[in-house]
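Since the structure comes first, as structure tokens, the remarks are kept for the end.
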Amino acid sequence: MTDLGGLETQINNDLDTLTIVELKKKYLTQKGLLTKKFANIKNIPNDKKSEFGKTINRLKTLIEEKINNSKVKNKIKRSLRIDPTAPFDCNTKTNKQPHILDLKGSSHILMQEVDTFIDIFKSMGFDIVECRQVDDDYHMFESLNFPKGHPARDMFDTFWTEDGFVLPAHTSTMQNRILSNKTPPIYAVIPGRVYRNEATDASHEHTLFQCEGIYVDKDISVANMIATITEFLETYLESKLEVKIQPAYFPFTEPDCEFSISCPFCDKNGCSICGYTGWIELMGCGMIHPNVLRFANIDPDEYSGFAWGFGVDRLVMIKNNIPEIRHLRAGSIKFLREY
Ligand code: DAH
């Protein structure tokens, strides 16, 4: 038996205790333990090479199977279809011979990636809450410190129904509901579909996905915000990142920041993904404005917190090198097959 320095026992333990994201990070990424061991094959004596390789591959398959079985990403969804023309059975009040068709499909790349985010945020201790698809002025604006007629409302131009409801332009619309319904500490992540009333082009869409995060507790500072967002991004992008924050403006945070990462594709040397700047601006974030906490009956003298919101489409495009946002919803079979 090839000596893998106890790696096999370690993997068997980890299969039961680690999340799939942790497993992938620990063993399968570029710096993962199995990848490193495999790179070491050149130092193994020739007569032991084959056994060594086989053991590594067996362990890799074990981990991959675990990931594949638990990840919604790769789960084949089966839906049952009943044939409505089958004869009705008066005794059982069901269709006598329902033709059950096994339809195989797979989830869209955006949904696959949202599932990956959810796994990561859950492993960090966040609750996951779904965003509303229709909301009102109070949640979309007022409770977020945009008084009526505030010019910053123009940054979030969206669609209104005739009876005064709004299709949310950002997942921040959920902040007040979550802050008012829970008592701190509050750690929540809200993925959801949002709408923007804008002309579309290669990097703009009227419908997109965002992912909001809120974190409220005692003694929370900007340092906690940077550490939390960095941890998420490093896990998702599977690389060590340099980060920087720059001033921005949102009525619902104080201070407000734009969060950027060093380009994981060129190590800051400049490439087409980062527009040859070495940096990628990824999201708005900041410390939750005291008024937003007050609107939710949380005392800003006792609690503080931070929030962020990023475009899922943009992050998915960056990670998968997709050049055009409109591909994501065009329904092209060629594109969908690729992902
Ligand atoms: N809602 C903002 C947008 O759509 C993004 C954002 C910025 C969310 C700062 C936040 C935040 O929670 O604190 O542009």
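Couple of notes before you dig in:
- So Ser123, is it among the polar types (S, T, N, Q) and surrounded by fewer than 19 Cβ atoms within 10 Å (Cβ to Cβ): yes
- Residue check for Lys148: surrounded by fewer than 18 Cβ atoms within 10 Å (Cβ to Cβ) and at pLDDT below 95: yes
- Any hit, the stretch 99-106, residues being within 30 Å of Arg196 (Cα to Cα) and modelled with pLDDT of 65 or more: yes
- The residue that is modelled with the lowest pLDDT, counting only those in the stretch 242-272 that are assigned to a loop (DSSP other than H, G, I, E, B) and among the hydroxyl-bearing types (Ser, Thr, Tyr), is Ser272.
- Within the stretch 162-179, being surrounded by fewer than 24 Cβ atoms within 10 Å (Cβ to Cβ) and in contact with a Pro (Cβ under 9 Å, 6 or more places away or on another chain) holds for one residue alone: Met174.
- Extreme residue, farthest from the ligand (Cβ to nearest atom), among residues of the stretch 220-236 that are touching a residue at least 12 places away in the same chain (Cβ under 8 Å) and surrounded by fewer than 16 Cβ atoms within 10 Å (Cβ to Cβ): Glu231
So that you can scan it fast, the table gives a plain yes or no per residue for (1) at pLDDT 95 or above; (2) among the charged types (D, E, K, R); (3) assigned to a loop (DSSP other than H, G, I, E, B); (4) in contact with a strand residue (DSSP E or B) (Cβ under 7 Å, 6 or more places away or on another chain):
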| site | (1), (2), (3), (4) |
| --- | --- |
| Lys240 | no, yes, yes, no |
| Tyr276 | no, no, yes, no |
| Cys285 | yes, no, no, yes |
| Phe306 | yes, no, no, yes |
| Gly309 | yes, no, no, yes |
| Ile322 | no, no, yes, no |
| Arg326 | no, yes, no, no |
| Gly331 | no, no, yes, no |
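The values are calculated or read from the model by the stated rules, or taken from the named source; none is laboratory data. This structure is a prediction, so every number in the text was calculated from the model and none was measured. Here the Cβ is made from the backbone with ideal geometry for all residues, glycine too, and neighbour counts use every protein chain on show.
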